[in-house]
Amino acid sequence: MSLTVRRHGAATWIALDRPEALNALDGPTKEALVAALGQAAEDPEVRAVALTGNGRAFCVGQDLRELEQAYREGRAPDLAEALERHYAPICRLLAEMPKPTVAVVNGVAAGAGVSLALACDLRLASSEARWRLAFSGIALVPDAGSTWHLPRLVGLSRAMEIALLGDWVDAGQALQFGLVNRVWPADELQREAEAAVAALAAGPTLAFARTKALFRDHLRVDLATALAGEAEAQVASGQTKDHLEGVTAFLEKRPPTFQGA
Ligand code: T3D
């Protein structure tokens, strides 16, 4: 199995597990990732999802060795098939599933590995992690959602710099650019990330789901449409058990216990 899936309370942790290939994404890994993310998205007991890598890498993108024979024979591989069958569903599941998704970036991220991290709602990273979009190194365009996510996260100018100049981005730059949310020393990352993911999994899941959808949908609409969308989502949120619990807990001066309902 090229990835491991474990439950940690109400959170699912998915770890890419090909450390010898720096967690490069071969066919079976992408297939397993689509399945694991789909299950986590559908399971009402799962209220947050973390994606990480085993070993010294987070993920170095497409497994280029898998395509070696085609390249050696001078044939162009069918990139459309891989994008439609694997990368697009993985990107959409991470970005759009109705619960928080977190990339726990333990080490090097390159190519589509960067794209996966960008598709998550949050990026928590090791101070040892370094990032490179890498697509230009093999004369491809950034894919797996990175042309959509990267400029929105870091702005057009930085996105151009990261994609065209292609330098490595270290942890300090990643923080400064807004590429990552938080950075910890490598030996603290797992503990801190588990605490953060557990807090998300104990949060108001339905409100989180609506927040994700609103932020993404409202990137493309005018203010009047955004205000209408907020009102509709707020009416629905106001009818949840978690809203009642949140207000009750406030009035009783205690922390809320959300059920994700
Ligand atoms: O299908 C499509 O749609 C195409 C889509 C492409 C999307 C993409 O993701 S394009 C970008 C692909 N990724 C890269 O270009 C990164 C390639 N890797 C590297 O440049 C280097 O490995 C790193 C700079 C990331 C790390 O360097 P270093 O020196 O720390 O490690 P290393 O020795 O290069 O790699 C360790 C092993 O991982 C090595 O295996 P070996 O020789 O010991 O058996 C290496 O071949 C393997 N590895 C690293 N990257 C990949 C890989 N194997 C397959 N595919 C890789 N992408």
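Ranked by the mean number of other Cβ atoms within 10 Å per residue, highest first, peptides 33-45, 54-66 order as 54-66, 33-45. Straight-line reach from K253: taking Cα to Cα under 15 Å and skipping same-chain neighbours fewer than 8 places apart, the aspartates and glutamates in range are E245. When a/c reaches 1.5 or more, the comparison of a/b and b/c decides; with that in mind, is the stretch 11-61 rounded, prolate or oblate per its Cα gyration tensor? The shape class here is oblate.
Find out how many positive minus negative residues lie around T248, taking Lys and Arg as positive, Asp and Glu as negative, among other residues whose Cβ is under 15 Å from that of T248. Here the charged neighbours net out to 0.
Any idea what the alpha-carbon Rg over 2.2 N^0.38 Å comes to for the stretch 40-104? Mind dumping the intermediate values first?
Working: Rg = 15.6 Å, N = 65, 2.2 N^0.38 = 10.7 Å.
Expressed relative to 2.2 N^0.38 Å, the Cα Rg reads 1.45.
Label sites at D78 and L156, each approximated as a point 7 angstrom past Cα along Cα to Cβ, lie 3.7 nm apart.
Were the residues from H218 through D167 laid out at 0.36 nm apart, the gain over their Cα-Cα distance would be 15.2 nm.
The C-alpha atoms of the chain define a longest principal axis, and helix 241-251 lies at about 60 degrees to it. Placing dummy labels 7 Å off each Cα toward the beta-carbon, the span from E192 to L140 is 3.2 nm.
Taking square-rooted eigenvalues a ≥ b ≥ c of the alpha carbon gyration tensor, is the stretch 110-151 rounded, prolate or oblate, where a/c under 1.5 means rounded and, failing that, a/b exceeding b/c means prolate?
Numbers: a/c = 2.83, a/b = 1.34, b/c = 2.12.
The shape class here is oblate.
For the stretch 90-119 and the stretch 8-31, what is the centre-to-centre distance using only Cα atoms, to the nearest Å? About 12 Å separates the Cα centre of the stretch 90-119 from the one of the stretch 8-31. Report note on the peptides 17-30, 99-112: ranked by the mean count of other C-beta atoms within 10 Å, highest first, their order is 99-112, 17-30. Each helix, a run of at least 4 DSSP H residues, gives -39500 (n - 2.57); summed and divided by the residues of the chain, these come to -13500 deg cm²/dmol at 222 nm. Around M160, with a cut-off of 14 angstrom between Cβ atoms, what is the net charge of the other residues, counting Lys and Arg +1 and Asp and Glu -1? Neighbourhood net charge equals 0. Distance between the 7 Å Cα→Cβ label points at A228 and T257: 4.1 nm.
Overall, the chain carries a charge dipole of about 380 debye about its Cα centre when +1 sits on the Cβ of Lys and Arg and -1 on the Cβ of Asp and Glu, all other atoms neutral. Quick note on the chain: its Rg to Rh ratio, both from C-alpha atoms and Rh being the Kirkwood radius, is 0.99.
How would the stretch 3-89 be classified by its alpha-carbon gyration tensor: rounded, prolate or oblate, with rounded meaning a/c under 1.5 and the a/b versus b/c comparison settling the rest? In terms of gyration-tensor shape, oblate.
Determine the distance separating the Cα centre of the stretch 45-81 from the Cα centre of the stretch 157-214; give it in Å without decimals. For the stretch 45-81 versus the stretch 157-214, the Cα centre distance is 21 Å.
Using the Stokes-Einstein relation with a Kirkwood hydrodynamic radius computed over Cα pairs, the translational diffusion coefficient of the stretch 147-261 at 37 °C and a viscosity of 0.692 mPa s comes to 190 µm²/s. When each of the peptides 183-196, 123-136, 140-153 is scored by how many other beta carbons lie within 10 Å of its residues on average, the order from highest to lowest is 123-136, 140-153, 183-196.
None of the figures in this text is laboratory data; all of them are computed from the coordinates on show. Source: prediction; values computed, not measured. Methodologically, a virtual Cβ is constructed for each residue, glycine included, from the backbone with ideal geometry; neighbour enumeration extends over all protein chains shown.
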